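Following: one structure in structure tokens, then a few remarks.
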Amino acid sequence: MKWSTNGSLSPAARLRRRVDAWAVKLRVMPRAVRVQRMTRKWGSCSTAGTITLAIDLDDQSEGFQDFVIVHELLHLKVPNHGRLFKALMTAHVPKWRALDAARRGARDVSPPAALRAAGRR
Ligand SMILES: [Zn+2]
């Protein structure tokens, strides 16, 4: 467990650290990272570049956390779920399809409606 030595950090701080590490790796720069209570989604990415994550994502497995974080960060590069998006997901989170299936029927991970409405899908 990578984060066990950081047990004193709050859930939000732990998630932000994880986002920071992935942002460096993926070479993206979110304008802001918010961690808050969310009930319908695990995360979202706004057109303005703000990443929002559900605070209870911290309770999920590290693999699932990475899946959600990478998914949202990749939207800073690719606004849709097309072929390029899927190829990048596979490159960084090889088991993402299984993780995606596992969360289906529960909460969604997707770009906000505004992004789709802008016709960038
Ligand atoms: Zn998405």
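3J(HN,Hα) along the range 54-65, derived from phi through the Karplus expression 6.51 cos²θ - 1.76 cosθ + 1.60 where θ = phi - 60°, amounts to 6, 5, 7, 4, 4, 7, 7, 5, 4, x, 5, 4 Hz, with x in place of Gly and Pro. Here r is the Cβ-Cβ distance between Ala102 and Thr39 and R0 is 22 Å; the resulting FRET efficiency, rounded to 0.05, is 0.75.
Compare the peptides 74-80, 37-43 by average per-residue count of other Cβ atoms within 10 angstrom and give them in order, highest first.
In descending order of packing, they fall as 74-80, 37-43.
Working from label points 7 Å from Cα in the Cα-to-Cβ sense, the Arg27 to Asn80 distance is 2.3 nm. Phi angles across the range 36-44 convert, under the Karplus curve 6.51 cos²θ - 1.76 cosθ + 1.60 with θ = phi - 60°, into 3J(HN,Hα) values of 8, 6, 9, 10, 9, 9, 8, x, 8 Hz, Gly and Pro given as x. In this simple spin-label approximation, Ser10 and Thr90 carry label points 7 Å from Cα along the Cα→Cβ vector, and these lie 4.0 nm apart.
Net charge around Leu76, counting only other residues with Cβ within less than 12 Å of its Cβ (Lys, Arg = +1; Asp, Glu = -1)?
Here the charged neighbours net out to +2.
Across q = 0.11, 0.17, 0.22 Å⁻¹, the range 1-103 modelled as identical point scatterers on its alpha-carbon atoms has Debye log10 I(q)/I(0) values of -0.30, -0.74, -1.28, in the order of the q list. Within the shell defined by Cβ-Cβ distances under 13 Å, the residues around Ile51 carry a net charge of +4, with Lys and Arg each +1 and Asp and Glu each -1.
Only the coordinates and a few stated rules stand behind these numbers; no lab work does. Since the structure is predicted, the reported quantities are computational estimates derived from the model, not experimental observations. Don't worry about glycine lacking a Cβ; one is built from the backbone with ideal geometry, like all the others, and counts go over all protein chains shown.
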